[in-house]
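First the structure, in the form of structure tokens, and then the observations on it.
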Amino acid sequence: METNRVRTDKIGMSKTTLTKKTLKVILDSNALFVQLQFKIDIFQELKALLNRNFEPILISPVRREIERMAEADSPKMRKEASYALKLAEKCKLVDVEQTGGSPDDDIFTAASEWRSPVFTNDIQLRKRLRNINVPVIYVRQKSRLEIDGRL
């Protein structure tokens, strides 16, 4: 009887690990600046935090925002934005229709439709997302990533 229970548990555990799908995580522009600001490898930290396969998603309005920073801001910001664009190459670019507002509004719309977690440090966007029960990933104590909400 004990052998049967152990065998059943092992089979049950393997089924749950096989059914985990790749999680889509939407990145805000400030998430791509974390690596320079706090010396945190965001992709490695996301992998450790989520403990599953994930796909970083960058929506088109956010990419355009970073491109504008790389062209028109101060020399320091242009350099950081250029680095952020290099990091953005690791993300899947998804074209979304702009709502006419800010890129944060577009992130909010996409996250509410897709029910995907969002990586942002923007306090107002975090509050808006938590109000609609979307998980939010953010930097905690300038040293690690933390998630607020259930996946």
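Restricting to the stretch 21-43, count the residues that are surrounded by fewer than 19 Cβ atoms within 10 Å (Cβ to Cβ) and in a strand (DSSP E or B).
Going through the stretch 21-43 one residue at a time, the tally reaches 2.
Going residue by residue through the stretch 117-131, is there one that turns out to be in contact with a helix residue (DSSP H, G or I) (Cβ under 7 Å, 6 or more places away or on another chain) and more than 18 Å from ILE57 (Cα to Cα)?
Looking for residues that are in contact with a helix residue (DSSP H, G or I) (Cβ under 7 Å, 6 or more places away or on another chain) and more than 18 Å from ILE57 (Cα to Cα), one finds at least one in the stretch 117-131, hence yes.
Identify, from the list LEU32, LEU49, the residue that is closer than 16 Å to LEU151 by Cα, among the aliphatic types (A, V, I, L, M) and in contact with a Leu (Cβ under 6 Å, 6 or more places away or on another chain).
LEU49
None of the figures in this text is laboratory data; all of them are computed from the coordinates on show. Keep in mind that what you see is a predicted model, and the values were worked out from it rather than measured. When we count neighbours, we look across all protein chains shown, and the Cβ atoms used for this are built from the backbone with ideal geometry, even at glycine.
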